[in-house]
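Starting off with a structure, shown below.
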Amino acid sequence: MTLSLGLAVLETAGKIAKGAGDAIMDIYQTEFTVATKGDKSPVTQADDAAEAIIIDRIKKEITNDFPIVAEESVAAGRIPDVSNRPFWLVDPLDGTKEFISRNGEFTVNIALIELGKPVLGIVHIPAKGITYFGGREGAFMEEPEKPTRQIQCRRIPNNGISALVSRSHADEATNEFLASFTIKERVSAGSSLKFCKIADGTADLYPRFGRTMEWDTAAGHAVLQFAGGRVTRVDGVPLGYAKPNFENPGFIALGAGPLDGFKG
């Protein structure tokens, strides 16, 4: 079964992400507690509340026909079979460490995967009221008190690249990779916001070699690819989805055009 992925579905998914974001912000204003999951990563009641909203509303407002792979559900052992069918990837609160530190750089991620590729993605930034949309009609950015606008990656410049690095997960492999290129500026950012900064033309490159899961990347990947960018493995092969255990290899997210010295 397939889903007709028009603007109406993209807009509905965006409203769902915003609803989850509202619940997150309600908790953000409180003295919330922090627990630790089996993989040693932090989790708060905001993660669980947002995920419950997203799962319920996708089923009721879009379709109940596709499995939903959501971070906290997987952590609890609820892992659906996604073989040979479209499925949703949900990270209800991407950047939990940013949420805990209250720096605002956390997102709500919703993506739809078909044949191993993201075909729809929503990245909502609750603390800023900004939402990025990616689908077959293109990539769009919605900001408070501004009209929604279509966005595109800029062409990667030859005279100095703006590179994004993870605020919470910097590593030596990233430094070694970036040493091969002319870097004009290095910007730290949290969560899937890094994909979106490339998609809206304010950055060029985001290498990531540490552990990530598919729900961390799928929504931002969709926004970026529909803005004219791409996400590849380190060997240049496009990053795919529905992998064993939903775990990603190292990857490179890029803007438009070639990156000299990289075959992706």
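The values are calculated or read from the model by the stated rules, or taken from the named source; none is laboratory data. These numbers come from a predicted model, not from an experiment. Note: ideal-geometry Cβ built from the backbone for every residue, glycine included; neighbour counts use all protein chains shown.
Could you count how many residues in segment 209-264 are acidic (D, E) and part of a helix (DSSP H, G or I)? Give the steps one after another, and end with the answer.
Our first condition is that a residue be acidic (D, E); within segment 209-264, this holds for 214, 216, 235, 247, 260.
Then keep just the ones that are part of a helix (DSSP H, G or I); that gives 214, 216.
Of the residues in that region, 2 qualify.
Determine which single condition R85 fails, assuming it passes every other condition in (1) of a type in the set (D, E, K, R); (2) at pLDDT 95 or above; (3) not in a helix (DSSP H, G or I).
Condition (2) is where R85 drops out.
Give me the pairs, please: first residue somewhere in segment 161-190 and over 17 Å from A203 (Cα atoms), second residue anywhere and loosely packed, with under 13 Cβ neighbours inside 10 Å, beta-carbon distance under 8 Å, and either six or more positions apart or on two chains.
A170/S188; S180/G261
While we're looking at this one, here's another question. Going through segment 32-49 one residue at a time, which ones are of a type in the set (S, T, Y) and over 21 Å from the mean Cα position of the chain (by Cα)?
Just the residues of segment 32-49 that are of a type in the set (S, T, Y), to begin with: 33, 36, 41, 44.
T33, T36 - these are the residues of segment 32-49 that are of a type in the set (S, T, Y) and over 21 Å from the mean Cα position of the chain (by Cα).
Oh, and also: Out of (1) within 15 Å of the chain's Cα centre (by Cα); (2) of a type in the set (S, T, Y); (3) in a helix (DSSP H, G or I); (4) farther than 22 Å from F87 by Cα, the odd one out for Y206 is which?
Every listed condition holds for Y206 apart from (3).
Please verify whether segment 128-150 includes one or more residues that are hydroxyl-bearing (S, T, Y), within 27 Å of Y28 (Cα to Cα) and surrounded by fewer than 14 Cβ atoms within 10 Å (Cβ to Cβ). Walk me through how you get there before you give the answer.
Of all residues in segment 128-150, those hydroxyl-bearing (S, T, Y) come to 131-132, 148.
Of the ones still in play, those that are also within 27 Å of Y28 (Cα to Cα) are 131-132, 148.
Adding the requirement that they be surrounded by fewer than 14 Cβ atoms within 10 Å (Cβ to Cβ) leaves 148.
Scanning segment 128-150, I find at least one residue that is hydroxyl-bearing (S, T, Y), within 27 Å of Y28 (Cα to Cα) and surrounded by fewer than 14 Cβ atoms within 10 Å (Cβ to Cβ), so the answer is yes.
Here are the criteria: (1) assigned to a strand (DSSP E or B); (2) outside the structural domain of R211 (by TED's automatic domain parsing). Tell me which single one K146 does not satisfy.
Unmet for K146, out of (1) assigned to a strand (DSSP E or B); (2) outside the structural domain of R211 (by TED's automatic domain parsing): (1).
When only residues in segment 86-143 that are in contact with a Leu (Cβ under 8 Å, 6 or more places away or on another chain) and acidic (D, E) count, which is farthest from P67 (Cα to Cα)?
E105
Please determine, by comparing only the residues of segment 7-39 that are outside any helix (DSSP H, G or I) and surrounded by 12 or more Cβ atoms within 10 Å (Cβ to Cβ), which one is modelled with the lowest pLDDT. Steps first, please.
First pass over segment 7-39, keeping only residues outside any helix (DSSP H, G or I): 29-39.
Then keep just the ones that are surrounded by 12 or more Cβ atoms within 10 Å (Cβ to Cβ); that gives 32, 34, 37.
Values: F32: 94, V34: 94, K37: 90.
Filtering segment 7-39 for residues that are outside any helix (DSSP H, G or I) and surrounded by 12 or more Cβ atoms within 10 Å (Cβ to Cβ), the one modelled with the lowest pLDDT comes out as K37.
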